[in-house]
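Enquirer: Got a structure for you, questions after.
Bear in mind these aren't lab numbers, they're just calculated from the coordinates by the rules spelled out. Here the structure is a predicted model, which is why all the values come from computation and not from measurement. Virtual Cβ from ideal backbone geometry, glycine too; neighbours counted across all protein chains shown.
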Amino acid sequence: MGVLSIVTRRATRIAVSLTLLAFAGCLDVNDSEDEVAILAIVNGQVTVQPGGNPIALIVRAYNNAGGTIEGVGVSWAITSGGGSITPSSNETDETGTATVSYTPPAAAGTATVRATAAGLSVTFNVVIAAASG
């Protein structure tokens with residue numbers, strides 16, 4: 001999992017990694033010491049078949065020390081492209097992760113799903129590829 005590279009021993013490496021992930025839309029950062037400092041995508045930037053099986057979209061919440069945070073409320077919303085998600089909100093577990101099941105629509109295209117927690121948000125980009133054949 002690429003997210004694990006965020007927690008390193010060198011401040012410069014962390015700053016560069018966080019900047020690149022934030023620029024890519026895979027990460028959002030908060031400077032508060034007592035709250036969620038980082039919301040990162042763990043899984044879900046994928047290509048799927050139209051109307052296919054549900055896929056897991058996963059985020060992880062970190063504090064400023066790089067530890068994961070349990071019990072953080074996460075809201076999920078499809079912002080474009082359609083499909084369905086279950087549930088629309090949940091909390092991070094003991095590993096700091098929250099997971100939603102996304103079912104793609106019947107038509108090919110793209111979809112975006114936003115996860116929001118503690119004022120931070122990340123956007124999943126799902127490519128819905130036409131069936132080959």
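Enquirer: Could you pull out the GluC sites (Glu not before Pro) across region 64-95 that fall in loop regions by DSSP (anything but H, G, I, E, B) with no more than 13 other Cβ atoms inside 10 Å?
Expert: Working: sites: 70, 91, 94; in loops: 70, 94.
Qualifying residues, ordered by number: 70, 94.
Enquirer: Related question: At a Förster radius of 35 Å, what calculated FRET efficiency corresponds to the Cβ-Cβ distance of residue 64 and residue 108, to the nearest 0.05? Please list the in-between numbers first.
Expert: Details: r = 41 Å, r/R0 = 1.18.
Taking R0 as 35 Å, the efficiency between residue 64 and residue 108 is 0.25.
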